[in-house]
Amino acid sequence: MKITDIRATPVTVPLEAPLRHANGCHWGRFVRTIVEVETDEGLVGLGEMGGGGESAVAAFEGLKPYLLGRDPARLEEMRFLIANPTASLYNNRTQILAALEFACLDLLGQKWGVPVCDILGGRLRDEVPFASYLFFRYANAVDGSGEVRTPDQLVAQALALKAQYGFRTHKLKGGVFPPAYELECYRALAEALSGDSFRFDPNGVWSAEQAIWFGQRIEDLDNDYLEDPVYGLAGMRRAREKVRMPLATNTVVVGFEQLATNVLQTAADVILLDTTFWGGIRPCVKAAAICETFQLGVAVHSSGELGIQLATMLHLGAVIPNLVFAADAHYHHVLDDVIEGGKLPYCHGSIAVPTAPGLGVKLDRGRLAEYHELFLRLGQYPYDQDPLRPGWAPLIPNQRWADPTDERTPAIPR
Ligand SMILES: [Mg+2]
């Protein structure tokens, strides 16, 4: 089999409401790039990458001279061809490599008649449990719904998600408001959903002292872990000495060099594996094996996804033995998908691992066209800006918190 064409299509899919985070906001939509790799046998493999626009399209277009005529089975060859570690100092293509790896694995699964998880060692589970991923949210500018700013709104959102999807693990994305206010919110959540487990992630914007202060005040709760309370391996190590719960990261251990450092001088107990950040599903499987050897925990990280990326997370979750935590996904916040049949369904807080050959999802051409049109109409959004605070940027450690009494709704075009 030989690669004959590569296509990248940026799409915009609406979210229920804008999602606030430590670095800014998802402005009521996700922008993703859908990648199609075509072969001389008529098969099309699917990949997905965060962000999009002309630069993403050009980046994939620019790799055609490297990849056309190549065998999609030669995945290690492709890694050195387009993401050689030294050459990557000049031109980092890790996320592009990931999208292409997804597509090539999809092709191989289709050709061989097996789901991707069977190429990766075979499934150990048929479904992957997910956490409710809770965000502070601005209200939807169209109908004013969906705001999450107060402890009461947060608890209501968590209870509604649990009732709708069956989640028994709840993750709160913080780093938006002052730590004492977010502590109040997190404790209200844990009290209202007693019996479930919890995790908190301020995206590394606290000082080590703030991380210790917060961590010590939640030690009595049923925490899976405290995720990236401070930025950097050294800060994480300092917090870990003083806080009696596992620390997790998707920020400072996102490659094998950092994983080696973390094994030698442990800063994070749980490594959150992201199929995009690590450059594909296979590097995540390798990293999970190293974590298994050194008795570090793993979980599946979400960098925002539609169904293709979600399928990579499901196949990863299916094959790693040491997945003892629920996976994260933003997926329940998106209103639709670009795959046939629409969004993959949750059942009792889990999503079934696809069983069809390849990734097990197919593009819905109508939806792809519709959401490409929406991308062309709305364009990019600044992920690292807050729509109500023009020109704002957080410090690390941050002191420029949002005001929890600010009730305004940003007028974001839909
Ligand atoms: Mg995180």
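The values are calculated or read from the model by the stated rules, or taken from the named source; none is laboratory data. Bear in mind that the values here come from a model prediction, so they are computed numbers and not experimental data. Because the Cβ atoms are built from the backbone with ideal geometry, glycine has one as well, and the counts that use them run over all protein chains shown.
Take the conditions out of contact with any Leu (no Cβ under 9 Å at 6 or more places or on another chain), among the small types (Gly, Ala, Ser), away from the ligand (no atom under 16 Å from the Cβ) and at pLDDT below 95 and apply them to Ala160. Does it pass?
Judged against the criteria, Ala160 is not a match.
Cβ-Cβ below 7 Å, separation at least six or inter-chain, first residue in segment 340-361 and free of Cβ contacts under 8 Å to residues at least 24 places away in the same chain and surrounded by fewer than 21 Cβ atoms within 10 Å (Cβ to Cβ), second assigned to a loop (DSSP other than H, G, I, E, B) and among the aromatic types (Phe, Trp, Tyr): which pairs?
Filtered contacts from segment 340-361: no entries.
In segment 227-249, what residues are charged (D, E, K, R) and either within 15 Å of the ligand (Cβ to nearest atom) or more than 16 Å from Gln216 (Cβ to Cβ) (or both)? Explain how you work it out, then say what you get.
Quick first cut of segment 227-249, residues charged (D, E, K, R) only: 227-228, 237-238, 240-242, 244.
Within segment 227-249, Glu227, Asp228, Arg237 qualify.
Restricting to segment 52-66, name every residue that is touching a residue at least 12 places away in the same chain (Cβ under 8 Å) and in contact with a strand residue (DSSP E or B) (Cβ under 9 Å, 6 or more places away or on another chain).
Across segment 52-66, the qualifying residues are Gly52, Gly53, Ala56, Val57, Ala59, Phe60, Glu61, Leu63, Lys64.
Is there a residue in segment 303-311 that is in a helix (DSSP H, G or I), in contact with a helix residue (DSSP H, G or I) (Cβ under 6 Å, 6 or more places away or on another chain) and more than 30 Å from Arg217 (Cα to Cα)?
Taking segment 303-311 and keeping what is in a helix (DSSP H, G or I), we get 307-311.
Next cut, in contact with a helix residue (DSSP H, G or I) (Cβ under 6 Å, 6 or more places away or on another chain) only: 310.
Keeping just the survivors that are more than 30 Å from Arg217 (Cα to Cα) gives 310.
Yes, segment 303-311 has at least one match.
Being away from the ligand (no atom under 16 Å from the Cβ), in contact with an Asp or Glu (Cβ under 7 Å, 6 or more places away or on another chain) and modelled with pLDDT of 95 or more narrows it down to one residue among Ala318, Ala352, Ala356; which is it?
Ala352
Mind telling me which of the residues Gln380, Gln399 ends up being free of Cβ contacts under 8 Å to residues at least 40 places away in the same chain and of a type in the set (S, T, N, Q)?
Values: Gln380 fails: free of Cβ contacts under 8 Å to residues at least 40 places away in the same chain.
Exactly one residue qualifies, and that residue is Gln399.
Touching a strand residue (DSSP E or B) at 6+ places or on another chain (Cβ under 8 Å) and either farther than 27 Å from Cys347 by Cα or within 14 Å of the ligand (Cβ to nearest atom) (or both): does that describe Ile212? Outline the logic, then answer.
Numbers: touching a strand residue (DSSP E or B) at 6+ places or on another chain (Cβ under 8 Å): no; either farther than 27 Å from Cys347 by Cα or within 14 Å of the ligand (Cβ to nearest atom) (or both): yes.
Spelling it out, it is not the case that Ile212 is touching a strand residue (DSSP E or B) at 6+ places or on another chain (Cβ under 8 Å) and either farther than 27 Å from Cys347 by Cα or within 14 Å of the ligand (Cβ to nearest atom) (or both).
Looking for whichever is over 27 Å from Ala141 (Cβ atoms) and in contact with a Lys or Arg (Cβ under 7 Å, 6 or more places away or on another chain) here; the options are Leu67, Leu15, Leu19, Leu75. Which one fits? Write out each step before concluding.
On the way: Leu67 fails: in contact with a Lys or Arg (Cβ under 7 Å, 6 or more places away or on another chain); Leu15 fails: over 27 Å from Ala141 (Cβ atoms); Leu19 fails: over 27 Å from Ala141 (Cβ atoms).
None of the others qualify; the one that does is Leu75.
When segment 180-201 is examined, which residues are found to be within 16 Å of the ligand (Cβ to nearest atom) and either assigned to a helix (DSSP H, G or I) or touching a Cys at 6+ places or on another chain (Cβ under 7 Å) (or both)?
Residues satisfying the conditions are Glu182, Tyr186.
Which pairs do you get when a residue that is in contact (Cβ under 8 Å) with a residue 24 or more places away in the chain and closer than 20 Å to Val324 by Cα, found in segment 189-204, comes within reach of a residue that is assigned to a helix (DSSP H, G or I) and within 16 Å of the ligand (Cβ to nearest atom), reach meaning Cβ atoms under 8 angstrom, with the pair 6+ apart or on two chains?
Every condition considered, the pairs that remain are Phe198/Tyr186; Phe200/Glu182; Phe200/Tyr186; Phe200/Phe214.
When the residues of segment 171-218 are filtered to those that are within 19 Å of Arg400 (Cβ to Cβ) and among the acidic types (Asp, Glu), which remaining residue is surrounded by the fewest Cβ atoms within 10 Å (Cβ to Cβ)?
The selected residue is Glu209.
Against the definition (within 29 Å of Asn23 (Cα to Cα), more than 12 Å from the chain's Cα centre (by Cα), surrounded by fewer than 22 Cβ atoms within 10 Å (Cβ to Cβ) and not hydroxyl-bearing (Ser, Thr, Tyr)), how does Leu335 come out, yes or no?
yes
Which residue, of Arg244, Arg240, is in contact (Cβ under 8 Å) with a residue 24 or more places away in the chain, among the charged types (D, E, K, R) and surrounded by 19 or more Cβ atoms within 10 Å (Cβ to Cβ)? Talk me through it step by step, then tell me what you get.
Values: Arg244 fails: surrounded by 19 or more Cβ atoms within 10 Å (Cβ to Cβ).
After applying the criteria, what remains is Arg240.
Where in segment 34-104 are there helices (runs of 4 or more DSSP H), lying wholly inside it, with at least 3 residues that are within 25 Å of Lys286 (Cα to Cα)? Walk me through it before giving the result.
Values: elements: 54-61, 64-67, 75-83.
Hits in segment 34-104: 75-83.
Would you mind finding the one in Ile6, Ile82, Ile34 that is under 23 Å from Leu120 (Cα atoms) and in contact with a helix residue (DSSP H, G or I) (Cβ under 6 Å, 6 or more places away or on another chain)?
So the residue among Ile6, Ile82, Ile34 that is under 23 Å from Leu120 (Cα atoms) and in contact with a helix residue (DSSP H, G or I) (Cβ under 6 Å, 6 or more places away or on another chain) is Ile82.
Can we say Ala369 is within 28 Å of Gly235 (Cα to Cα), out of contact with any Pro (no Cβ under 8 Å at 6 or more places or on another chain) and of a type in the set (A, V, I, L, M, F, W, C)?
On the way: within 28 Å of Gly235 (Cα to Cα): no; out of contact with any Pro (no Cβ under 8 Å at 6 or more places or on another chain): yes; of a type in the set (A, V, I, L, M, F, W, C): yes.
It is false that Ala369 is within 28 Å of Gly235 (Cα to Cα), out of contact with any Pro (no Cβ under 8 Å at 6 or more places or on another chain) and of a type in the set (A, V, I, L, M, F, W, C).
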